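The values are calculated or read from the model by the stated rules, or taken from the named source; none is laboratory data. Quick caveat, the model's predicted, so the values are computed rather than measured. Every residue, glycine as well, gets a Cβ built from its backbone with ideal geometry; the counts of neighbours run over all protein chains shown. Note: areas computed on protein heavy atoms with side chains; ligands, DNA, RNA excluded. Shrake-Rupley method; radii C 1.70, N 1.55, O 1.52, S 1.80 Å.
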Amino acid sequence: MKKTFFFVMAFCLSSIGIFASGPSDSSTIVKKGKIAGEIAWKYQSNSAITSSPVFSDGIIYTGCGSSIVALDTSGKEVFRFKTQGSIKCRAAVDNINLYFQSGDGWLYCLDKRSGKEVWKTKLDSNNLLQLYDYWDYYQSSPLLSDNILYIGSSDSYLYAIDSKTGKELWKFKTMHIVRSSPVVKDGLVYFGSFDGNFYTVNAKSGELVWKYKIEKPNYSRMGEIQSSALVYDGKVIFGSRDGILHTLDAKTGKEIWNYSHEGSWVISTPVLSGSLIVSASSDAHFVDALEINTGKESWRYNTKYNVFSSPIVSDGVVYCGEGNAYSFSEEASFFALDAETGKEIWKIKTGGQVWSTPMIAEGRIYFGAMDGYIYSIK
């Protein structure tokens, strides 16, 4: 990703506020598939949104600026909990509680019905969201597995936290901030760091099993890994700022194949669609599908802008958003593609950039945008 002002000091996106929002353009909608591509409702959060929503028991939870907001499926606010820092992660949720981190350095646990604080645990002793650069858009999202929360922090650690008490069980140190969201499979935790290493540690003890080093930073300082991993069929697949989508052996960490994104950072998280891996590119402006065993490209869909939003796949359809990394207030698009061919099914305009990863629940798509709106698409 070639940046002319790469070393510009970052600023907190949540402080940007609300940008001009134009009306949705329904003329681009082609009514095909189970979700037609029509805006059911929009909720104005009054903060730019980069976090991704999560759904539980009829409630949508999304980080909006420095608050976590809970909405019902009609778009009505249920509660709003304010922190002292920006929330740019996807929350984890169980039968009782909601878990998320904030830029104020704390990991929070709330009662998911009332929004009341149950406990909070300090993750970053500096009490600051340490932004790496202008494009440091996301925080690590907590993963809940067997009553343990796994989460990366800006203090360079991956933490394992008891979800019942908030007590730290162990922490694993990397050499830089951890924005990658962890994945747990077969007793192992997989995650990347901005130090250019991808790590696999034991889920119970935090002991290192193996690590993979980005050897050629290419279009970055260290080969920073913002992307979270897809772990499937003995493979670990993730992107890096080195412009490569990497595929490793899940047991050994040895590379199986890699795919170049033509000089563009690979920030979004790849997703599985049958035997294809769907990934997205930032400055190269595309979403594509690769054969999982070979890395051979099956199809490519060219976008107008950067793609930081991670694609999702449901019922043979890929859903993803795009946005201009250099102009937050510019209109952008959210689109649906045929997962087998990459052919566009429909596309709608949004009033701001879409860097939030979408979620599907009860036949609706939900995502946030930089215009401050949470969108519900039917």
Check your understanding: What nm value, rounded to one decimal, do you get for the distance between residue 378 and residue 291 when each label is placed 7 Å out toward the C-beta?
Key -> 4.2 nm
Practice item. Please give every one of the lysines within straight-line cross-link reach of residue 164, meaning a C-alpha to C-alpha distance under 25 Å, and leave out same-chain neighbours fewer than 8 residues apart. Key: 82, 88, 112, 116, 120, 122, 173, 185, 204
Study note, to complete from the structure: Highest GNM mean-square fluctuation among 111, 338, 315, for the chain with Cα springs under 10 Å, belongs to 315
Check your understanding: Among [x] 54, 49, 39; [y] 61, 55, 49; [z] 87, 75, 42, which is the computed Cα extents along the principal axes in Å?
Key -> [x]
Study note, to complete from the structure: Amide H proximity to residue 266 below 5 Å, modelled H, separation 5+ or other chain, gives 240, 241, 242, 243, 244
Practice item. Output ³J(HN,Hα) for region 250-267: one whole-Hz value per residue in order, computed from phi by the Karplus curve 6.51 cos²θ - 1.76 cosθ + 1.60 with θ = phi - 60°, and x for Gly and Pro. Key: 5, 8, 10, x, 7, 6, 9, 7, 9, 9, 7, 9, 6, x, 9, 4, 10, 9
Practice item. Could you go through region 304-315 in sequence order and give the Karplus-derived ³J(HN,Hα) for each residue, using 6.51 cos²θ - 1.76 cosθ + 1.60 with θ = phi - 60°, rounded to whole Hz, and x for Gly and Pro? Key: 7, 10, 4, 10, 9, 4, 7, x, 10, 10, 8, 6
Review point. Which whole-number value in Å² is the accessible area per residue of region 248-294, probe 1.4 Å?
Key: 35 Å²
Revision key, fill the gap. Region 29-107 -> Rg/Rh from Cα coords, Kirkwood Rh, value 1.03
Practice item. Calculate the spin-label point distance for residue 300 paired with residue 78, positioning each point 7 Å from the Cα along the beta-carbon direction, and give it in nanometres. Key: 4.3 nm
Review point. If you project the alpha carbons of region 202-287 onto their three principal axes, what span does each projection cover, largest first, in Å?
Key: 39, 34, 20
**Study point:** Cross-link reach list, lysines versus residue 42, counting only Cα pairs under 16 Å and skipping chain neighbours closer than eight places
**Key:** 76, 349, 378
Point to revise | Local electrostatic count, residue 118, Cβ distance below 14 Å [Lys/Arg +1, Asp/Glu -1] | key: +2
Exercise for review: Quick one: what are the phi-derived ³J(HN,Hα) couplings along region 94-107, Karplus 6.51/-1.76/1.60 with θ = phi - 60°, whole Hz, x for glycine and proline?
Suggested key: 10, 5, 10, 10, 10, 10, 6, 10, 10, x, 7, x, 10, 9
Revision key, fill the gap. Label model pair residue 171, residue 340: point-to-point distance (7 angstrom along the Cα→beta-carbon line) in nm is 5.0 nm
Revision key, fill the gap. Residues other than residue 94 with Cβ under 15 Å of its Cβ, Lys/Arg counted +1 and Asp/Glu -1, net out at 0
Review point. Carbon and sulfur atoms: what percent of the 1.4 Å accessible area of the chain do they account for?
Key: 48 percent
Revision key, fill the gap. For residue 228, other-chain or 5+-apart residues with amide H closer than 5 Å (H placed, Pro excluded) are 181, 269
Review point. Whose amide H sits under 5 Å from the amide H of residue 112, counting only residues 5 or more places off or on another chain, with H placed in the peptide plane?
Key: 97, 98
Exercise for review: Quick one: check the C-alpha center-to-center distance for region 163-178 versus region 258-283, whole angstrom.
Suggested key: 28 Å
